[in-house]
Amino acid sequence: MTGGAGQPVSPWSLERHPRDRLGECDPFRRVGARVVDFIPHFAVVVATLAAAGRVDLSDSERLPIIIFPVIYELVMVGLRGQTLGKMAVHARVVAADGGRASWAQAAVRSLSLYGLAGLAGYVSVLGAPSMGWLFLTLAMMFFHGLGPHDYLARTKVVLDTGINRS
């Protein structure tokens, strides 16, 4: 689809209604991918608690639990364009133009997806904004197909057909 003067319209343009979702991953797969991605996160939580030998962790002891999701998302999307969950549901993160997502895009996506939740681990007062961000993410994915982290990073999640992985 093109905008004025024959310019291509980005997936985030207000000129593009209804939004073409051809080839994009549906929200149910995306939520399923996050459920699978929670497994390694949960393993880090269990390992951290086991190493500490108690549940009431200090800030420094909580650091692996907070940092792991950010690094996991960054490295997996930066290297492969997929987390383990996205591999399981046959989805891939790509740049808005359909090309490979850059490391910078992976970093913005990871920090915007997990950064607020990580901060909530340090400051309990941020728990409500963190939940608000989660609900905003889910609402945007279901109604528009892109989460706020996709908007900020200029990425989208597509079905992985195994073709054109450049």
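Please verify whether region 87-97 includes one or more residues that are charged (D, E, K, R), surrounded by fewer than 21 Cβ atoms within 10 Å (Cβ to Cβ) and farther than 16 Å from residue 161 by Cα.
Taking region 87-97 first, the residues charged (D, E, K, R) are 92, 97.
Filter once more, keeping what is surrounded by fewer than 21 Cβ atoms within 10 Å (Cβ to Cβ): 97.
Adding the requirement that they be farther than 16 Å from residue 161 by Cα leaves 97.
Within region 87-97 (the criterion being charged (D, E, K, R), surrounded by fewer than 21 Cβ atoms within 10 Å (Cβ to Cβ) and farther than 16 Å from residue 161 by Cα), the answer is yes, since at least one residue qualifies.
Reported count of residues in region 34-64, each being open to solvent by less than 60 Å² (accessible area, probe 1.4 Å) and closer than 22 Å to residue 86 by Cβ, is 7. Residue 102 - would you say it is open to solvent by 30 Å² or more (accessible area, probe 1.4 Å) and either at pLDDT 85 or above or not β-branched (Val, Ile, Thr) (or both)? Yes, satisfied. Pairs meeting the criteria (first residue in region 72-86 and within 19 Å of residue 44 (Cβ to Cβ), second residue polar (S, T, N, Q), beta carbons under 6 Å, at least 6 apart or on different chains) are 73/110; 74/110; 76/83.
The values are calculated or read from the model by the stated rules, or taken from the named source; none is laboratory data. What you see is a predicted model; the values in this text were computed from it and never measured. Note that we place each Cβ from the backbone using ideal geometry, even for glycine, and neighbour counts take in every protein chain shown. Each accessible area value is taken on the protein alone, full model and side chains, heavy atoms only, with ligands, DNA and RNA left out. Shrake-Rupley method; radii C 1.70, N 1.55, O 1.52, S 1.80 Å.
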